[in-house]
Each structure stands twice: as C-alpha cells, then as structure tokens.
1. Just by accessible area at a 1.4 angstrom probe, what is the order of 154, 145 from largest to smallest?
2. Cβ under 15 Å from residue 264's Cβ, residue 264 left aside: what net charge do those residues give with Lys, Arg +1 and Asp, Glu -1?
3. Skipping prolines and chain starts, which residues have an amide H placed within reach, meaning under 5 Å, of the one on residue 288, given they are 5 or more residues away or on another chain?
4. Kindly express, to the nearest 10 degrees and within the range 0 to 90, the angle between helix 325-334's C-alpha long axis and the longest C-alpha principal axis of the chain.
5. With every protein chain in place, what's the accessible area of residue 269 (1.4 Å probe, Å², nearest 10)?
6. Mind checking which lysines have their Cα closer than 29 Å to the Cα of residue 327? Skip sequence neighbours fewer than 8 apart in that chain.
7. Counting other C-beta atoms within 10 Å, and keeping those with at most 14, which DSSP coil trypsin sites (Lys or Arg not before Pro) do you find in the range 178-211?
8. Along the range 247-264, what does the Karplus equation 6.51 cos²θ - 1.76 cosθ + 1.60 (θ = phi - 60°) give for ³J(HN,Hα), rounded to whole Hz, x for Gly and Pro?
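The values are calculated or read from the model by the stated rules, or taken from the named source; none is laboratory data. None of these values were measured; they are calculated from a predicted model. Backbone-built Cβ (ideal geometry, glycine too); neighbour counts: all protein chains shown. These area figures cover heavy atoms from the full protein model, side chains too; ligands, DNA and RNA do not enter into them. Shrake-Rupley method; radii C 1.70, N 1.55, O 1.52, S 1.80 Å.
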Amino acid sequence: MSKVRALVLERQHELALRDIDLPLEVGPGMVKIAIHTVGVCGSDVHYYTHGKIGPFVVNDPMVLGHEAAGTVVEVGEGVTHLKVGDRVCMEPGIPDPNSRASRLGMYNVDPAVTFWATPPVHGVLTSEVVHPANYTFKLPDNVSFAEGAMVEPFAVGMQAATKARITPGDTAVVLGAGPIGTMVALAALAGGCARVIVADLAQPKLDIAAKYQGIIPVNIREKDIVAEVDRLTDGWGADVVFECSGSPHAWKTIMSLPRPGGVIVAVGLPVDPVPVDIASASTKELRIENVFRYAHQYDRAIALIASGKVDLKPLISETFDFEDSVKAFDRAVEARPSDVKLQIRVAK
Ligand code: ZN
C-alpha cells in the first residue's frame, strides 16, 4: 500500500481531498500511470449526491473518477506495447479475461467486471494508478491529455454507432443533448450519417451541439420532434434513433421516429421500468439495440480523434486544478445547461 492524495467520497454529500492508502505494486502485465487529467462524469456526481446508483451503494470511502489520461511511469513484466514516458488513456473496466462474456468478445457485460469509481472499486482522481497494460492505450502526439480523458465517454458513442450499423448517408435522431447524446451524435456522423437531428429541452446544450456540421438542433420545448423528423425526412422517418435522454417520456413517442425497418439504440438508462410499444415496433420491423458502456472501441475512438474527424475539445467547458476538485464537483451538481464536460487536471 502507498499513501497518495485523492478525491475521496467519504459518504453521500461529503467529499474530501486527502491522503489514502492505495495498492500501487506493479505486477506482471500491469503498468503504473501518473494521472494527468480526469473528466467529471454524471455517475461520479450521482454517487456524490445520492450515495448510490441502482444496486451500487457507497458504504465505504471511495476515490471518484474514471475518465482518465496520464503518463506511464513504470512497466510490469511481460508488457511489450507500452514504455515509460508513453502518454496514455485507460479503459476503466477490468473484466475477467477468462469469463464466458469475455470469450464471446462482450467483456463489457462480464458480470465479474470491476470498474473504477463503482463501489467498492476506487477511481482515479489521485496521483497514480496501476492498471492492466491491455486496457491502457497509447495517445498519438497530436491528441492531448484533455482529449485522452474524453475517450471514455466518446467510447459510449462509438459503441452506440457501432450497434446501429450505420449505412453511409443515413439520417439519425439523437434524443438528449447531454455529454453522451452529443458524443453519440459525433460518433454517428463519423460513422457515415449525413445528418443527425438532436433533440433537447435546453437551448444552450443544443447551441453547443449545433456548432458541428451535420447536426440539426430541435428544441422540443418549441417543436414536436415527431413532426420535425417527419418534415425533414418527407414522412419516411429516420434510419437510426438513439435514445440518450434516459427520460421515460422519450419512450412514449419513440416508435414514430424511425422509418420502417429502422433501428432504435437505447443508450440512456431510465431510473424506473418504462412501457415500450412493441406493436408499433413489430409493424415497422424495427431493430432495437442496447448499449452498456463499450467493448473494443478505444483504438478506433483514438484514431478518429487523431485524424481530426472528431473534435471533442469544444465539449470541454472548464478545467479545474486538483486542489479545486470539490469545487469542480459542486459546479457539476449545479448542472448548468451550458456545461458539457468539466475536467480536473491532476498533474501540476
Ligand atoms: Zn463516464
């Protein structure tokens, strides 16, 4: 065990920047990473304000943070693709490589997966972390640490776009212009969509999304999304609909949005079960896909960022110093509609 400074969620509503003992021995196949930048995620904030997410309850002090980039400072035995000094980002989930889900290539749904900042597993808002080299990805020189820390949420967008099986020229709808909805829209455009209609109630969020070429914002406070999609697709419907709001209201009319034979990709998680209109889905032969985190997306997410095809920098609203971590979280709790992603710079 080593004593390191970390942002610790002591219990619901109580954060502290303090020293904590964390295991930092570098075993075979592992690397030690000096953390540079960590993004504040909705899930981190939810543990702070609610003390739990579904079955995951914060019973003991837990270090927050799972969207991270940093520099390799030590390499364990048998690691060949990384060396000291490499700039990297990390997948926060560590599956059991021998599990049935992992062997099927679906390591994201391995029931045994351990995931940073999901109780009782500590996160990475701290100076150093030891992680499997297999889930650590080298950043090209033209991808910054801040962008590296955006790869985690962007990987969710990549997973959604992959599950949609987009065909070049498709029209997509994204319900919800939060950080994930916006990243899903960008992944859909990178995946070949000609245009993405993004719907939300909050105009500042739509304004940020609308700066990207190909995104058509629809404020659903002013316009009916079904009528808008109808109008924009000459009554045919969208090829792909991504539900990213997690709102039960979205599911009331969602079946009217896709074209016959289209697809709905469920990304947002409603808190309670929602009724789903199966008859409408049947008569249109809709395909319905689900997304839980991501698998095999980091390489391609990093490649898209490095190519310049996807620019996530405009989504970083503000960067806080590590010493101001609690301030960063209190700002996130405010949920300003003009904030997309807040980040914490751990490195001096
Ligand atoms: Zn996240």
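1. Details: 154 0, 145 35 Å².
Of 154, 145, the descending order of accessible area is 145, 154.
2. The answer is 0.
3. 264
4. 20
5. Surface open to solvent at residue 269 totals about 140 Å².
6. Result set, ordered by chain and number: 3, 32, 52, 205, 211, 313, 341, 348.
7. Qualifying residues, ordered by number: 211.
8. Karplus values, whole Hz, x for Gly and Pro: 8, x, 4, 4, 6, 5, 10, 4, 5, 7, 8, x, 6, x, x, x, 9, 10.
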